């Protein structure tokens with residue numbers, strides 16, 4: 001497996017020219033998790049190589065329009081294109097009411113099951129898990145209830161040693177159990193420790209943390225510690241630190257300070273105020289503190 | 001005065017490539033009336049030369065997403081750009097609930113007054129009038145309550161004859177009254193008929209009718225009779241007449257038949273099904289019945 005992050009939109013409050021507001025897609029095997037979904041996001045999927053019907057889950061950080069106004073259009077288009085697979089939406093409770101009211105106004109019964117999962121704004125919680133990945137949410141500090149998300153691949157299965165297979169010819173069921181780390185017991189009750197007959201996978205599981213809108217806060221460090229890629233908003237530069245504090249946003253320096261303290265491998269900044277025509281000064285400011293910083297731009301695709 | 005119609009979007013259910021769903025702007029002097037507002041409409045305003053803050057009124061025909069999903073983003077952006085002038089929104093009652101719920105979810109108190117005017121789906125009614133224009137709504141026949149709109153300029157003021165001005169030197173107040181058609185009474189009670197001292201304006205008031213989504217119906221003829229420009233949906237071609245009927249949409253032939261029966265000056269078709277990569281066949285079909293047909297395309301600007 002591998003994780004790829006697609007930047008669909010990385011602007012802040014309002015779309016300006018080609019810069020639309022927050023929307024990201026995380027590719028995992030043959031499916032996409034959408035993370036926030038601003039107005040116009042659905043129109044960028046095809047140009048960026050994201051197949052709409054491969055979106056399985058959507059995570060909405062909070063209910064400021066620049067993070068979710070495109071969701072209703074996406075859900076509507078999936079319906080009009082005849083989707084039958086369920087879609088899972090993770091968001092605050094009011095989002096469900098907003099979707100329901102609009103579907104009812106249009107007299108629309110979706111062609112697919114929409115499974116809504118309510119996230120709690122003040123709680124760190126595991127909200128999704130399968131064989132390959134788990135997703136946790138955690139509180140951010142912003143002007144309305146806002147959540148971050150962290151996506152962590154699980155460890156790969158262990159590899160069986162060839163001599164063990166030759167000697168014992170284990171069943172398919174046993175192979176799976178041994179790969180998952182269980183000890184082996186043969187037909188005569190003979191016990192062999194897992195470490196004797198397997199080697200760990202060389203694959204390093206990847207992780208991505210998403211902090212959409214937040215004031216600078218060290219309270220998030222435990223949740224994002226050591227991730228491979230951290231997205232952290234950087235609405236302003238440090239000379240507007242007071243404005244950032246007032247509006248419960250962060251600066252490029254602050255994003256970098258968090259990245260450094262969390263010992264992440266790389267930092268992706270975004271949610272730029274429209275006043276920054278060039279991203280270079282924001283990038284330079286962040287890199288002075290955390291060199292492995294990348295500036296999000298529409299269409300960018302990163303290996304996590 | 002003059003009226004200009006800007007085509008912002010003229011697709012149907014879902015945005016496809018550069019073709020976004022229904023959104024139009026009618027320019028009247030130095031202000032714009034928006035007619036339907038699909039997702040992404042706000043992003044097209046600047047490229048098409050429509051100043052966002054010059055939008056004074058928005059008319060929403062019905063609550064299928066392809067006609068209004070862009071409204072909330074537009075209202076939000078107007079707020080974020082610091083608008084203080086009121087904006088007037090005309091739509092069905094549920095639209096107000098949808099706007100309120102989303103504004104509340106984002107903890108947003110708009111920077112400007114939003115004046116909502118509820119339209120009734122089964123009623124022909126005058127919904128707006130000023131010195132220069134009046135706007136009426138009328139029922140269309142579609143799968144949910146849907147309204148058309150007709151925008152009619154008023155007759156221009158009459159012109160005062162020069163010899164009357166020279167002889168009587170009327171006050172500014174009298175000039176306005178005479179231009180509006182009143183008879184003149186001088187200081188001695190002497191009465192002069194308006195027609196003796198004025199000439200009619202040579203300006204022909206213009207009119208634009210908008211029929212967003214509707215099955216073929218002659219019930220709309222009285223409301224759109226003789227308009228200068230009729231926009232009528234043409235989702236399908238005539239070989240899909242049965243599908244059109246089922247889905248309560250119209251064909252290009254049907255739009256042209258209505259245009260002819262209503263004796264309008266020009267027909268603009270749009271709301272094309274995504275199956276039509278080229279608009280030429282739709283246009284030919286309509287022109288066979290009503291030659292003065294134009295196919296809407298994003299970015300087109302028409303003098304009404």
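Bear in mind that the values in this text are calculations on the coordinates, not laboratory data. From a predicted model like this one, the values you see are computed outputs, not experimental measurements. Virtual Cβ from ideal backbone geometry, glycine too; neighbours counted across all protein chains shown.
One quarter of the surface of the convex hull around the alpha-carbon atoms of region A:159-199 equals 2.5 nm², the direction-averaged projected area. As I understand it, the value is the acute angle between the Cα axis of helix B:93-105 and the longest principal axis of the Cα atoms of chain B; what does it come to in degrees, rounded to 10? That works out to roughly 70 degrees.
For region B:19-142, a/c is less than 1.5, where a ≥ b ≥ c are the root eigenvalues of the C-alpha gyration tensor. That puts it in the rounded class. The calculated 222 nm mean residue ellipticity attributable to helices in chain B amounts to -7000 deg cm²/dmol, summing -39500 (n - 2.57) over DSSP H runs of n ≥ 4 and dividing by all residues.
Volume per residue for region B:196-296 equals 101 cubic angstrom (convex hull of Cα atoms).
GNM remark for chain A: springs join alpha carbons under 10 Å apart, and the peak mean-square fluctuation among A:35, A:89, A:243 falls on A:243. Here the contact order of chain A, divided by its residue count and restricted to Cα pairs under 8 Å and six or more residues apart, works out to 17 percent. If you run the Gaussian network model on chain A, springs between alpha carbon atoms under 10 Å, then out of A:130, A:213, A:36 the most flexible one is A:130. Can you give me the Kirkwood hydrodynamic radius for chain A, using every pair of distinct Cα atoms, in Å to one decimal? In chain A this quantity evaluates to 20.7 Å. For region B:159-199, the relative contact order is 47 percent, taking Cα pairs closer than 8 Å that sit 6 or more residues apart in sequence and dividing their mean separation by the residue count. Rg of the Cα atoms in the protein assembly as shown, relative to 2.2 N^0.38 Å, amounts to 1.22. The label-point distance for residue B:100 and residue A:121, in a model that sets each label 7 Å from Cα toward Cβ, rounds to 2.0 nm. Mean projected area of the Cα convex hull of region B:92-159, taken over all directions, amounts to 6.6 nm². Given region B:36-82, report the % of alpha carbon pairs whose separation exceeds 13 Å. Counting pairs separated by more than 13 Å, the tail of P(r) holds 55 percent. Counting only alpha carbon atoms, the long axis of helix B:252-261 and the longest principal axis of chain B meet at about 20°.
Centre-to-centre, using Cα atoms only, region A:231-284 and region B:237-304 are separated by 50 Å. Cα centroid separation, region A:163-210 to region B:40-63: 62 Å.
Taking the inverse of the mean reciprocal distance over all distinct Cα pairs, the Kirkwood hydrodynamic radius of region A:1-84 comes to 12.7 Å.
Each residue in A:115, A:37 was given a count of other beta-carbon atoms within 10 angstrom of its own, and listing them fewest first yields A:115, A:37. For chain B, modelled as a GNM whose springs connect Cα atoms under 10 angstrom apart, the maximal fluctuation among B:26, B:221, B:80 occurs at B:80. If I fit a long axis through the Cα atoms of helix A:71-80 and take the longest principal axis of the Cα atoms of chain A, what angle between them do I get, 0 to 90°, rounded to 10? The answer is roughly 60 degrees. For region A:237-304, the square roots a ≥ b ≥ c of the C-alpha gyration tensor eigenvalues yield an a/c of 1.5 or more together with a/b not exceeding b/c, which makes the shape oblate. By the count of other C-beta atoms within 10 Å, a proxy for reagent exposure, B:43, B:237, B:196, B:52 are ordered fewest to most as B:196, B:52, B:237, B:43. Shielding of peptide B:101-109 by partners, expressed as the average count of other chain Cβ atoms within 10 Å per residue Cβ, is 6. By the count of other C-beta atoms within 10 Å, a proxy for reagent exposure, A:14, B:199 are ordered fewest to most as B:199, A:14. For a Förster distance of 45 Å, can you work out the FRET efficiency between the beta-carbons of residue A:2 and residue A:143, rounded to the nearest 0.05? Once rounded, the FRET efficiency stands at 0.80. DSSP beta bridges fully contained in the protein assembly as shown are about 55 percent antiparallel.
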